[in-house]
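Before any comments, here is the structure.
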Amino acid sequence: MKRVYIKTYGCQMNERDSEAVAAMLLRRGFALAPDEFSADAVLLNTCSVRELAESKAVGKAGHLCRLRKKSPDFLIGIMGCMAQNRGDALLTQVRGGVDLVVGTQQAHRIPEFLEELFARPNRGAPILALDAAEGSQEEIKDHLRCRPSAFISIQQGCDMRCSYCIVPKTRGRERSRSLAGIVAEATKLAEGGTKEITLLGQIVTSYGRNLYPKIGDKSPFVQLVEAVHDIEGIERVRFTSPHPHGFGPDLIDAFARLPKLCPFVHLPLQSGSNRVLKAMKRPYTRERYLEIVNALRAARPDISFCTDIIVGFPGETQEDFEQTAELFDTVKFEMAYIFKYSPRAGTPAAELTQALIPDEVMQQRNQILLEKLERYSLTANEKLVGTTQRILVEAPARKGQNIWMGFNPQHRKVLFETPPNTHPEGQLLNLKIERASAATLFGVME
Ligand code: SF4
């Protein structure tokens, strides 16, 4: 039986794709290897969002070629965004070459490609599969097991054209899965013990807009959230990533109406300066962003916010940055993904070479926001000391015996100790919070 190891870089979409491919491989008679050294084939599921992520994956692929010395039949495959972005150039860019390059819309065919490669008497020519395939969305539905909290991929691709972003190139046009297919997947997961579903996509709030009409004022995305919310056994619903553009009154109202919709929103800001937002081609202003935050707080007073911010977008002045910092102070984000701008070839922003911000300035701005994040995160967590939090227990904590990890509805991580031989995975428990750090709450069972 051939053993395959999958190494994943990048976002939750990639994590989810890797899991689905792993489950498909098991179904087709492959085994999963715990590391590259015990594998007959390694798949690198890659990311293109920043240059560093691509260089790491190319370096790793080159390094893997050494394993061919021990076993000439050893196969190396590259899938995901970098495979789509660089395509056949990878055949020469990776020292030693690769056997398989699979784009983002062909991942469901990986078992078939590996079977073909393993059946060959010699390595032969590499397989390249980079086509866009309408309908392949439905294929990414297999799970390795029904975890307490599961991700469901609901759409891929993006029709927005943010000037810095490579995603429209790597993931293609917006494509949504059928509502019935998603509900069937969530129902199956619920029957297997899953309690929390996170609806996943590049731009989830655009879900189904080319497939389904609005019903009354409800967008197809809100219709989907309601359908998953109503599944028996599902106790929590989340989604990521939305676009501020998608927060119409119907979605804001959903937070007030649907108790299982968790009071946690990942709302990408990118910049707090209207001038920079315009240059980024983000179709909202700082005023509109704050309006959404305030409307969501009115609908759900216990809501907490996470965001994405890019510092050092070409031409970002000190004043632009201060507007971002000020907006950060206003919202008091408790979680944030803060990145230094990384030019991606083929995007309009990559042409703005005259306006590049020096790295030390980007670093300084990055640090200022990270310090704010640490402060707001800690303050929010400290407020929860002495309260009782409802936790979905997900897994044993990485460190410590009999320590388990779960999340509250606002997605704050909680660690707690249990008596030996206790297995609370998948349970919803009430925990009394005893202490807090910026990243973690520490609780005890009531
Ligand atoms: S909305 Fe998100 S995925 Fe789409 S182009 Fe903009 S940043 Fe990229």
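The values are calculated or read from the model by the stated rules, or taken from the named source; none is laboratory data. Because the structure is a prediction, the values reported are computed rather than measured. Backbone-built Cβ (ideal geometry, glycine too); neighbour counts: all protein chains shown. What goes into the accessible areas is simple: the full protein's heavy atoms, side chains included, and nothing from ligands, DNA or RNA. Shrake-Rupley method; radii C 1.70, N 1.55, O 1.52, S 1.80 Å.
Brief remarks on what is shown
- For the stretch 1-93, the list of GluC sites (Glu not before Pro) that fall in a loop by DSSP and count at most 14 other C-beta atoms within 10 angstrom is empty.
- For the chain, the list of Cys residues with no other Cys C-beta under 4.7 Å reads Cys11, Cys47, Cys65, Cys81, Cys146, Cys158, Cys262, Cys306.
- Max-minus-min Cα coordinates of the stretch 388-445 on each principal axis give 28, 20, 16 Å, with the largest extent listed first.
- Backbone geometry of the stretch 95-109 corresponds, through the Karplus equation with coefficients 6.51, -1.76 and 1.60 at θ = phi - 60°, to 3J(HN,Hα) couplings of 4, x, x, 10, 9, 8, 10, 10, x, 5, 9, 10, 4, 5, 9 Hz, x marking Gly and Pro.
- Rounded if a/c under 1.5, otherwise prolate or oblate - the stretch 169-226, Cα gyration tensor axes: oblate
- Fraction of beta bridges assigned by DSSP in the chain that are antiparallel (%, nearest 5): 35 percent
- Rel. contact order, % - alpha carbon contacts under 8 angstrom, at least six apart, the stretch 388-445: 35 percent
- Counting Lys and Arg as +1 and Asp and Glu as -1 over every other residue whose Cβ lies under 14 Å from the Cβ of Ile391, the net charge comes to -1.
- For the pair the stretch 209-259 and the stretch 98-158, the centres of their Cα atoms are 29 angstrom apart.
- Sulfur and carbon atoms: percent of accessible area, the stretch 1-85 [1.4 Å]: 53 percent
- FRET efficiency for Arg161 and Arg435, using Cβ-Cβ distance with R0 set to 45 Å, rounded to 0.05: 0.45
- In the calculated pair-distance distribution of the chain, the portion above 42 angstrom amounts to 16 percent of the Cα-Cα pairs.
- Residues whose amide H comes within less than 5 Å of that of Asn45, counting only those at least five positions distant or on another chain, are Lys7, Thr8, Tyr9, Met79 (H built at 1.01 Å from N in the peptide plane).
- Prolate/oblate/rounded call for the stretch 214-270, Cα gyration tensor, a/c under 1.5 rounded: oblate
- Computed per residue of the chain from DSSP H runs no shorter than four, each worth -39500 (n - 2.57), the mean residue ellipticity at 222 nm is -10000 deg cm²/dmol.
- The value given for the stretch 1-148 is a Kirkwood hydrodynamic radius of 15.2 Å, derived from the mean inverse Cα-Cα separation.
- Averaging the sequence gap over all C-alpha pairs within less than 8 Å and six or more residues apart, then dividing by the number of residues, gives the chain a relative contact order of 10 percent.
- Portion, in percent, of the accessible area of the stretch 176-231 that falls on carbon or sulfur, probe 1.4 Å: 55 percent
- Mean separation of Cα contacts under 8 Å, 6 or more apart, over the residue count of the stretch 3-129: relative contact order %: 23 percent
- Rounded FRET efficiency, nearest 0.05, which uses the C-beta distance separating Lys399 from Glu138 and R0 of 45 Å: 0.70
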